[in-house]
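Below is one structure; the comments refer to it alone.
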Amino acid sequence: MNETTQQYKPGEHPDLPPPRNLVGPVAWVRDHLLSSPTNIVLTFLCVWFLIKVIPPVLDWAFLDAVFTGEDRNACRAQGDGACWAFISERFKLFTYGFYPESEHWRVNLAFILLIAALVPILYDKTPFRKYGLYFSAAYPFIAGYLLLGGDFLFLSLTPVPTTQFGGFMLTLVVGITGIAFSLPIGILLALGRQSKLPIIKVFCVAFIEFIRGVPLITLLFVASTMLSYFLPPGSNFDLLLRVLIMVTLFASGYMAEVIRGGLQAIPKGQTEAADAMGLKYWQSMRLIVLPQALKISIPGIVNTFIGLYKDTTLVIIIGLLDPLGIGRASLSDTKWTGLSNEVYLFVAIFFFLSCFFMSRYSLYLEKKLETGHKR
Amino acid sequence: MNEVAIAQPPQRNLVSRLWNDKETRSVIIQVIAFAAIFAFFFAMVRNAIINLEAIGKDLSLGFLWQPASYDISQSLIDYNSRDTHFRAMIVGILNTLLVAVCGIILSTIVGFLLGVFRLSKNFLINRLAYVYIEYVRNVPVLLHILLVHGLIVHSLPLPKNAVNVSDTAFLTNRGFFMPKPSMEPLFWGVIILFMLGIAFTFWFRKYAKQVQDATGKHYPVFWICLGAIVGVPLLAFLVLGMPLTWDIPELSGFNFKGGMVIRPEFIALWLALSLYTAAFIGEIVRAGITAVNWGQSEASYALGLSRSRTLSLVVIPQAMRIIVPPLTSQYLNITKNSSLAIAIGYMDIVATIGGISLNQTGREMECMTIVLLLYLTFSLLISAFMNWYNKRIKLVER
C-alpha cells in the first residue's frame, strides 16, 4: 500500500475512475428515474401506462391485423385487429384520387420532377445548383401543365379536369402551391406593413389582420359560395383554383407576421448603413435587410409551412377529395363500413412523416446558417 | 474664357424629375396604389350588383326573422325549429363560445403539465411527453377531431349496454349521460358563502401582503384561501343536509331519459381541440421556463427561498412574460379551429348561420359576412383581453 502511493510525485497521480455508484446504468436509473419519491411514482405510472397501451396497440396494428381480404367480413373472419386490406385495396384512390388510370404516369413524373426540383433548394452543395434553381423556379408551371394536360406548342396531353384531382396528390398540389407563393407575398406584405407610405401600410395592416382574424374554413366557404358573385358576369373559374388562391392568401397573412418579427429584430443601423452606401430601397432590402431577417425567421416560416400543409385537409369540407376526403367517402361504402380508425391512422402517418421531415429540416437549416451573431 | 460656362445639367423630362424626388415619388406610388385598390373593390362591388340583379336577389337581413325550421341537437338556450334564424345564430354563437372556453381551460391545464413534463429529469415522462407533442403537432387538427369522433361513435357501446360508472353516469356512443343537479332553496346559502369566499380571498391576499411588507410575517395564503373558497361552502353544504338532488339518467327503451347529456360531437371537438392545442402550449411553456436565466434560481436559493417559492415567486412570473404573447395566439387558434365543428356536425356559428341557414335561404352574401364579422369580433376581443393581461404582468421599467 505504502509503496504504491509513494511512486507518484504530488500532482502527478493519474485520475482515478469515478466511484462506481455515480456512473453506469445503475446510477443512470437512480438519477433519471428514481431520484425522488415523486419521480418514483411518475416512473411507475409511466411504466404501467406503457404496459397498458403498447401491447394492445401492437396487437391491433400488426399481430392481429389482416392485410389481405375481399371486404370487412373477410377481415373479421381472419382476426380482430386492424383491417389493412381496406387500405391496400384503396391505395391507388388514396394516392391519385380520381385521376384517370391511364394518365397516372404524369402524376408520377411530376412527383419525380418535384424531388429533382427540391434537391437544389434544400441542399446547397448540389452540383450545378444555379441551373437547378432555374429548374425549381420553372417547376410549378411544368407540373401544372403535366397535371392539367392540354395542348402546348408541340406537346399534347389529354386534358384532365381538376375535379378528378384527389388523394395525396391533391394535398401536394395545394400544399406546394401555397408554400411556393405565400412566401413572396408574405415578404411583400411584411415590407408593406413596415413601409413609410401610409396608404400602403394601412392596406397591408388591414389585410393581414383580417386574414388572421377569421378561420380558414370561412374563407374556403367564401371561395366556394360567395366568390362567384364578385367575378365578372358569365365567368366561372375552377373551384380548385379558388381554393389555391384562398389558401395562399391565408398563409401569406401569417407569413407576413412571421417575417415582420424578423424585420423588427434587425437593428436600424443596418438600413442606415445601406442608405449611407447609396443603396436604393429595394437594393438595401434585397442585399442587406431581408437576408438577415429571413434567416432569423426560419423557424417561424417553416412552422407556417407546416401549418399550411396541415390545413390542406380542410378542403374536404367544401367537397374536394384529399386523402381524408377519400377515406371518409370510402367509409360510406357498405363493403368497408366502420373502419374509420384504420383510415385516419393511415392518413395521420402520411402527414406525420411529411411534417416531421419539414421540422427536422428547419432545425438543420438553422444550425447551418448560424453565424455566431446570436445574442 | 468666360464662355466656357458651367456645364448645364442635362435637361430631363418632367416625369423623371418627379420620379427622382423622394417626396413626389412616394405620393405618386400611393396614389397609384390607392387607385388600383379602389378600382379593384369598385369592380368587385359592381360585379356583385350586376350578378345579384341577374338572378333577382337583393341584399337584406330580413331573413333573420323568418322561422329557421331546422333542429339543433345541443343548445344552451331554449330553441326549437319554429324559432327564427337569428335565434339559431345565437345558439351557434353560444356553442362556439362554449367549446372555445372549455377548450381554452383544458388545453391550458394539459399544456402546462406537458411543458413541465418536458423539463422533468425523469427520463420516461420526458420522452413520453416528447413523443406525444411531436405526434400531435405534426398531424392536422381536423384528423384529430375525426379520429376522436370516430373512436367515440364506433368504440363506445350503444345505450342498452352502456359503460356504467357506478350507476350514475353512463358512457354511450350517443353521448355521456350524467346526473343533473337540481337545487333546493337552501343551496343558495352555499352559493352565497362561495361568493363571500372569493371576495375574502381578494381582500386577504392584499392584507397578507401588507402584513408581510410591514412585519415580515408570512401567512399560508394559499391554504387559507382554499379553505375560504372550498372548505367553508363544503362544510355548510354538509351541515345544511346536502340541499341538492340529482336527477339520475335511466335507460328507457333505446335511450336514456333524464339527467343531462353531453353529445359525442361536443366531446370529440372539445377533446381533440384541447389536446391538439395543449401540445403547442406545452412547447411554449417549456421555452418560457428555459428562457429564464438559471442565475435567477440560484440567486433565489442563495437568499434562502425554498424550491416551490423560487418557482412561484421568481421563475414563473418571469416565464409568464415570455409565455403570454404566444399563448394568446394559441387561444385565438382554438377559437378559430372550433369552426371545424362542421366536419362532425356540432352546431357552431359556421354550421348554423353559415351552413344550414345559408343553404335554406340562399343568402350567401349576408350569411358569410355575418360569420366573418363574428369571428373578427371574437379575435379582437380575445387579443384585447390578452394584451391587457400582458401589460399587467409586464416588467415595470423605470
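Per residue, the average separation of C-alpha pairs within less than 8 Å and at least 6 apart gives segment A:36-84 a relative contact order of 32 percent.
Loop-located trypsin sites (Lys or Arg not before Pro) across segment A:251-312 with a Cβ neighbour count of 15 or fewer within 10 Å are A:Lys280, with loop assigned by DSSP.
When the pairs A:Lys92/A:Lys335; B:Lys217/B:Lys391; A:Lys196/A:Lys280; A:Lys196/A:Lys295; A:Lys295/B:Lys22 are compared against a 20 Å limit on Cα-Cα distance, B:Lys217/B:Lys391; A:Lys196/A:Lys295; A:Lys295/B:Lys22 fall above it. Summing Lys and Arg as +1 and Asp and Glu as -1 over all other residues whose Cβ lies under 14 Å from the Cβ of B:Thr361 gives a net charge of -1. Per the Debye calculation on segment A:280-375 with a single equal scatterer at every Cα and no solvent contribution, log₁₀ I(q)/I(0) for q = 0.13, 0.15, 0.20, 0.21 Å⁻¹ amounts to -0.64, -0.74, -0.99, -1.04.
Other residues within the sphere of radius under 15 Å centred on the Cβ of B:Arg309, judged by their own Cβ, net out at +1 (K and R +1, D and E -1). Inter-chain neighbour count for A:35-45: the average number of beta-carbon atoms from partner chains within 10 Å of each residue's beta-carbon is 3.
For the pair B:Val239 and B:Tyr130, label points projected 7 Å from Cα toward Cβ lie 5.4 nm apart.
Would you mind classifying segment B:175-294 by shape? Square roots of the alpha carbon gyration tensor eigenvalues, ordered a ≥ b ≥ c; an a/c under 1.5 is rounded, otherwise it is prolate if a/b is larger than b/c and oblate if not. Judged from the Cα gyration tensor, segment B:175-294 comes out oblate (a/c at least 1.5, b/c at or above a/b). Legend: mean number of C-beta atoms from other chains within 10 angstrom of residue C-beta atoms, peptide B:142-153, equals 5.
If you plug the beta carbon distance of A:Leu157 and A:Ala137 into 1/(1 + (r/R0)^6) with R0 = 25 Å, you get a FRET efficiency near 0.70. Give the aspartates and glutamates reachable from B:Lys121 as a straight Cα distance under 20 Å; neighbours fewer than 8 places away on the same chain don't count. Straight-distance partners of B:Lys121: A:Asp31, B:Glu134, B:Glu283, B:Glu298.
For an R0 of 25 angstrom, estimate the FRET efficiency from the Cβ-Cβ distance between A:Arg129 and A:Ile185 and round to the nearest 0.05. According to the calculation, E is roughly 0.50.
You can think of it this way: the chain between B:Ala214 and B:Thr24 has 61.9 nm of extra reach, that is 0.36 nm per residue less the Cα-Cα gap. Using R0 = 35 Å, the C-beta based FRET efficiency linking B:Ile248 and B:Leu76 works out to 0.95. What shape does segment A:76-160 take by its C-alpha gyration tensor, where a ≥ b ≥ c are the square roots of the eigenvalues and a/c under 1.5 counts as rounded, a/b above b/c as prolate, and the rest as oblate? It comes out oblate by the Cα gyration axes. Pairwise Cα distances in chain B exceed 27 Å for 70 percent of all pairs. For chain A, the Kirkwood estimate of hydrodynamic radius, built from reciprocal distances between every pair of different alpha carbons, is 25.6 Å. Ordering B:118-127, B:38-47, B:274-283 by mean Cβ neighbour count within 10 Å, with the highest value first, yields B:274-283, B:118-127, B:38-47. Taken along its three principal axes, the alpha carbon spread of the protein assembly as shown comes to 107, 91, 62 Å, from the longest extent down to the shortest. Counts of other chain beta carbons within 10 angstrom of each beta carbon in peptide A:353-365 average 1. Applying a 4.7 Å Cβ-Cβ cutoff to chain A, the cysteines left without a disulfide-compatible partner are A:Cys46, A:Cys204, A:Cys355. Ordering of B:139-151, B:100-112, A:62-74, B:210-222 by packing is B:139-151, B:100-112, A:62-74, B:210-222, highest average first (other Cβ atoms within 10 Å, averaged per residue). Two tests apply to each whole DSSP H helix in chain A, Cα reach of 30 Å or more along its axis and mean Kyte-Doolittle hydropathy of at least 0.0, and the ones passing both are A:37-58, A:167-194, A:239-265, A:340-369.
Here the Kirkwood formula puts the hydrodynamic radius of segment A:25-115 at 17.5 Å, using every distinct Cα pair.
Put simply, the amide H of B:Phe256, placed in the peptide plane, has no neighbours under 5 Å, leaving out anything fewer than 5 places away on its chain. Taking the C-alpha atoms only, the angle from helix B:316-337 to the longest principal axis of chain B is near 80 degrees.
Using a 7 Å offset from Cα along Cα-Cβ at B:Arg307, what residues in segment A:38-78 end up with backbone N under 20 Å from the label point? Residues A:38-46 fall inside that zone. Net charge in the neighbourhood of B:Leu244 (other residues with Cβ under 15 Å of its Cβ; Lys, Arg +1, Asp, Glu -1) is -1.
Read the figures in this text as sums done on the coordinates, not as results from a lab. Owing to the predicted nature of the structure, the values given are computational and were not obtained by experimental measurement. FYI the Cβ positions are ideal-geometry reconstructions off the backbone, even for glycines, and counts take in every protein chain you see.
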